[in-house]
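Just so you know, all these numbers are worked out from the coordinates, no wet-lab data involved. None of the values given here were measured: they were computed from a predicted structure. Don't worry about glycine lacking a Cβ; one is built from the backbone with ideal geometry, like all the others, and counts go over all protein chains shown.
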Amino acid sequence: MGNSPNIIDINNDNFQSEVLDASQDQLIMLDFWATWCGPCQSLMPIVSKLAEEYNGTLRLAKVDIDQNRQLADQFAVRSVPTVKFIKQGRVVDEFSGALPESEVRKIIDKHIIRVSDTLLDAAITQYETGETDAAIHAIQSISQQDPHNPRLPLVYAELMIREGKHDTAREVLQSLPPATRQSDQVITLLSKIELAADAADLPAENELLARIAANSKDSQARYQLGTLYTTRSNYAAALDQFLELLKYDRKFEDDAPRKAMLRIFDLLGDDPLVHTYRRKMMASMY
């Protein structure tokens, strides 16, 4: 570790070159520590591991405060461990105490462009231009190179959903850490999987429209049409169908139209459609 270019001991003599100057090209994780500090000893393996993992885009600069009191005073360090993140010569973030690896990683990822992100963006472009197999293979390869990139499993799950491989997408999402599985993005992707499963055996749109034209209160046809529109991301049209069904047959399939509207609201988040149709839904129910 002592010979690693990603980890260096800092003193007054090399601070300018190894921290301020180096921060023009990479993120510097300036760790103020002391030999007598227990939490410092707990944190050091974590920040050292991360410095090696981000290989070249992140450097760990260690400052022993007992040997470099002037630097500690310059950065107003009052307790150890204290970590300052330096980018282009200025402090862009910091924390005190021994944080877990996941929390340190979150701070780093706010200020660094991972090589895998650039490769991932290229793979997404491949997919959008029709190079499906090449794009999926590229993402799988990138995941092996940088398994800690939080974007990778989400993008891969999204593509699996679009490819109709819903079981694979569900497995990827369910393998994520519990906290991540509760995120809005993961919940949205799981909702898409459920919707896709619902739409697997739906009749054609023209057939459903013809049934509704023949009988405007064909509840099953109207619900199926709303589901079909949802899978096509035509959310306004879907909400119109579910809302109409809610007005005359609210109890259809155990309150299915209301549940379908709520699921779309979850998918859309803060979209203006949510506010508009939530009001309409409440008005139709009371």
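A quarter of the convex hull surface defined by the alpha-carbon atoms of the stretch 156-248 gives 6.6 nm² as the mean projection.
At a threshold of 8 angstrom on Cα-Cα distance, excluding pairs fewer than six apart, so keeping six or more, what relative contact order does the stretch 121-259 reach in percent? It would help to have the intermediate numbers written out before the result.
Values: 112 pairs, mean separation 16.9, N = 139.
In percent, rounded to a whole number, it is 12.
Tell me the label-point distance for the pair Ser191, His137, using the 7 Å Cα-to-Cβ offset, in nm and rounded to one decimal. Here the modelled spin labels are 3.6 nm apart. With Cα atoms as the point set, the radius of gyration and Dmax of the stretch 198-247 evaluate to 9.8, 26 Å. Within the chain, DSSP assigns beta bridges of which about 50% are antiparallel (rounded to the nearest 5). In the chain, the C-alpha radius of gyration followed by the widest Cα-Cα span (Dmax) gives 26.5, 86 angstrom. Please report how far the C-alpha centroid of the stretch 235-286 lies from that of the stretch 1-74, rounded to the nearest whole angstrom. Their Cα centres are 55 Å away from one another. Considering helices alone, the calculated mean residue ellipticity of the chain at 222 nm is -18000 deg cm²/dmol, with DSSP H runs of length four and up weighted by -39500 (n - 2.57) and normalised per residue. Using θ = phi - 60° in the Karplus curve 6.51 cos²θ - 1.76 cosθ + 1.60, the 3J(HN,Hα) couplings for the stretch 153-164 round to x, 6, 5, 4, 4, 4, 5, 5, 5, 5, 8, x Hz; x is entered for Gly and Pro.
The label point for His111 and the one for Asn234, both projected 7 Å from the Cα toward the Cβ, are 4.9 nm apart.
A simple spin-label model places the labels of Glu128 and Ser4 3.6 nm from each other, with each point 7 Å out along Cα-to-Cβ. Across every pair of non-identical alpha carbons in the stretch 115-197, the mean reciprocal distance, once inverted, gives a Kirkwood radius of 12.9 Å.
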